[in-house]
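Peer 1: Sharing a structure, written as C-alpha coordinates. Questions coming.
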Amino acid sequence: MNEKKIVEERIEILFSEAAKAVAKRPELAKRYVHLACRLAMRHNISLSREQRSHFCRSCRNYLKFGANATVRIARKGGTHRLIICRTCGKEKRLMIGK
Ligand SMILES: [Zn+2]
(Lines give C-alpha, C1' and ligand atoms only; values in the text may rest on other atoms or scores of the structure.)
Protein backbone atom coordinates (compact mmCIF):
# COMPACT_ATOMS: atom_id res chain seq x y z
CA MET A 1 0.00 0.00 0.00
CA ASN A 2 1.47 3.33 -0.86
CA GLU A 3 2.09 5.99 1.70
CA LYS A 4 -0.04 8.64 0.08
CA LYS A 5 -3.08 6.39 0.20
CA ILE A 6 -2.54 5.76 3.90
CA VAL A 7 -2.25 9.46 4.62
CA GLU A 8 -5.39 10.21 2.61
CA GLU A 9 -7.23 7.67 4.70
CA ARG A 10 -5.96 9.17 7.90
CA ILE A 11 -7.14 12.59 6.78
CA GLU A 12 -10.57 11.18 6.05
CA ILE A 13 -10.70 9.62 9.47
CA LEU A 14 -9.66 12.86 11.12
CA PHE A 15 -12.43 14.72 9.34
CA SER A 16 -15.05 12.19 10.28
CA GLU A 17 -13.85 12.25 13.90
CA ALA A 18 -14.03 16.03 13.82
CA ALA A 19 -17.60 15.80 12.56
CA LYS A 20 -18.50 13.58 15.49
CA ALA A 21 -16.66 15.64 18.06
CA VAL A 22 -17.79 19.10 17.05
CA ALA A 23 -21.09 19.16 18.93
CA LYS A 24 -19.70 18.11 22.28
CA ARG A 25 -16.05 18.98 22.07
CA PRO A 26 -15.43 21.75 19.56
CA GLU A 27 -11.83 22.16 20.70
CA LEU A 28 -11.14 18.56 19.85
CA ALA A 29 -12.75 18.94 16.45
CA LYS A 30 -10.53 21.91 15.82
CA ARG A 31 -7.48 19.87 16.67
CA TYR A 32 -8.50 17.12 14.29
CA VAL A 33 -8.88 19.62 11.48
CA HIS A 34 -5.53 21.13 12.33
CA LEU A 35 -3.89 17.70 12.22
CA ALA A 36 -5.57 16.82 8.93
CA CYS A 37 -4.40 20.06 7.34
CA ARG A 38 -0.90 19.55 8.57
CA LEU A 39 -0.79 16.02 7.23
CA ALA A 40 -2.09 17.16 3.87
CA MET A 41 0.46 19.91 3.69
CA ARG A 42 3.37 17.74 4.70
CA HIS A 43 2.53 15.05 2.19
CA ASN A 44 1.50 17.43 -0.52
CA ILE A 45 -2.01 16.09 -0.67
CA SER A 46 -4.88 18.34 -1.57
CA LEU A 47 -8.00 18.04 0.48
CA SER A 48 -11.18 17.07 -1.28
CA ARG A 49 -13.82 19.69 -2.01
CA GLU A 50 -15.97 18.13 0.63
CA GLN A 51 -13.22 18.38 3.22
CA ARG A 52 -12.29 21.92 2.31
CA SER A 53 -15.86 23.04 2.68
CA HIS A 54 -15.95 21.72 6.22
CA PHE A 55 -13.50 23.89 7.99
CA CYS A 56 -12.97 27.57 8.49
CA ARG A 57 -9.75 28.85 7.00
CA SER A 58 -9.64 31.67 9.44
CA CYS A 59 -10.03 29.90 12.78
CA ARG A 60 -9.55 26.34 11.56
CA ASN A 61 -12.69 25.22 13.24
CA TYR A 62 -14.65 22.31 11.89
CA LEU A 63 -17.82 23.64 10.30
CA LYS A 64 -20.96 21.72 10.86
CA PHE A 65 -23.79 23.24 8.91
CA GLY A 66 -26.66 24.08 11.19
CA ALA A 67 -24.53 23.67 14.31
CA ASN A 68 -21.69 26.18 14.17
CA ALA A 69 -22.00 27.33 10.60
CA THR A 70 -24.71 28.94 8.54
CA VAL A 71 -25.17 28.14 4.87
CA ARG A 72 -26.86 30.42 2.41
CA ILE A 73 -27.26 30.44 -1.30
CA ALA A 74 -25.38 33.58 -2.13
CA ARG A 75 -26.97 34.62 -5.39
CA LYS A 76 -30.26 34.28 -7.14
CA GLY A 77 -28.83 32.08 -9.83
CA GLY A 78 -27.67 29.85 -7.03
CA THR A 79 -24.12 29.52 -8.26
CA HIS A 80 -22.50 30.02 -4.89
CA ARG A 81 -23.05 28.90 -1.40
CA LEU A 82 -22.07 31.22 1.36
CA ILE A 83 -20.87 29.55 4.51
CA ILE A 84 -20.58 31.66 7.60
CA CYS A 85 -18.49 30.46 10.50
CA ARG A 86 -20.29 31.29 13.71
CA THR A 87 -17.11 31.04 15.72
CA CYS A 88 -15.21 33.87 14.08
CA GLY A 89 -17.79 35.30 11.69
CA LYS A 90 -15.71 34.65 8.60
CA GLU A 91 -17.57 33.97 5.38
CA LYS A 92 -16.49 31.61 2.69
CA ARG A 93 -17.81 31.09 -0.75
CA LEU A 94 -18.23 27.78 -2.44
CA MET A 95 -19.20 27.08 -5.99
CA ILE A 96 -22.14 24.79 -6.39
CA GLY A 97 -21.81 21.92 -8.79
CA LYS A 98 -18.76 20.93 -10.80
ZN1 LIG B 1 -13.99 30.65 11.76
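The values are calculated or read from the model by the stated rules, or taken from the named source; none is laboratory data. Source: prediction; values computed, not measured. When we count neighbours, we look across all protein chains shown, and the Cβ atoms used for this are built from the backbone with ideal geometry, even at glycine.
Peer 1: Tell me which residues, restricted to region 35-79, are modelled with pLDDT of 90 or more, among the hydroxyl-bearing types (Ser, Thr, Tyr) and more than 15 Å from PHE15 (Cα to Cα).
Peer 2: Hits for region 35-79 are SER58, THR70.
Peer 1: Only residues in region 12-33 that are in a helix (DSSP H, G or I) count as the first member; pair them with residues that are surrounded by fewer than 21 Cβ atoms within 10 Å (Cβ to Cβ) and among the β-branched types (Val, Ile, Thr), Cβ under 8 angstrom, at least 6 apart or cross-chain, and list the lot.
Peer 2: Cβ pairs passing all conditions: PRO26/THR87.
Peer 1: Okay, next question. Tell me, which residue of region 56-78 that is part of a strand (DSSP E or B) and more than 13 Å from the chain's Cα centre (by Cα) is nearest to the ligand (Cβ to nearest atom)?
Peer 2: Per the stated criteria, the residue is THR70.
Peer 1: Please work out which one of (1) exposed (fewer than 12 other Cβ atoms within 10 Å of the Cβ); (2) out of contact with any His (no Cβ under 8 Å at 6 or more places or on another chain) is the condition ARG93 fails and give its number.
Peer 2: It is condition (2) that ARG93 fails.
Peer 1: Inspect region 25-45 for any residue being within 14 Å of the ligand (Cβ to nearest atom), of a type in the set (A, V, I, L, M) and surrounded by 16 or more Cβ atoms within 10 Å (Cβ to Cβ) and give the result as yes or no.
Peer 2: Yes; the residues of region 25-45 include at least one that is within 14 Å of the ligand (Cβ to nearest atom), of a type in the set (A, V, I, L, M) and surrounded by 16 or more Cβ atoms within 10 Å (Cβ to Cβ).
Peer 1: Could you list all residues from region 79-98 that are of a type outside the set (Lys, Arg) and more than 12 Å from the ligand (Cβ to nearest atom)?
Peer 2: THR79, HIS80, LEU82, LEU94, MET95, ILE96, GLY97
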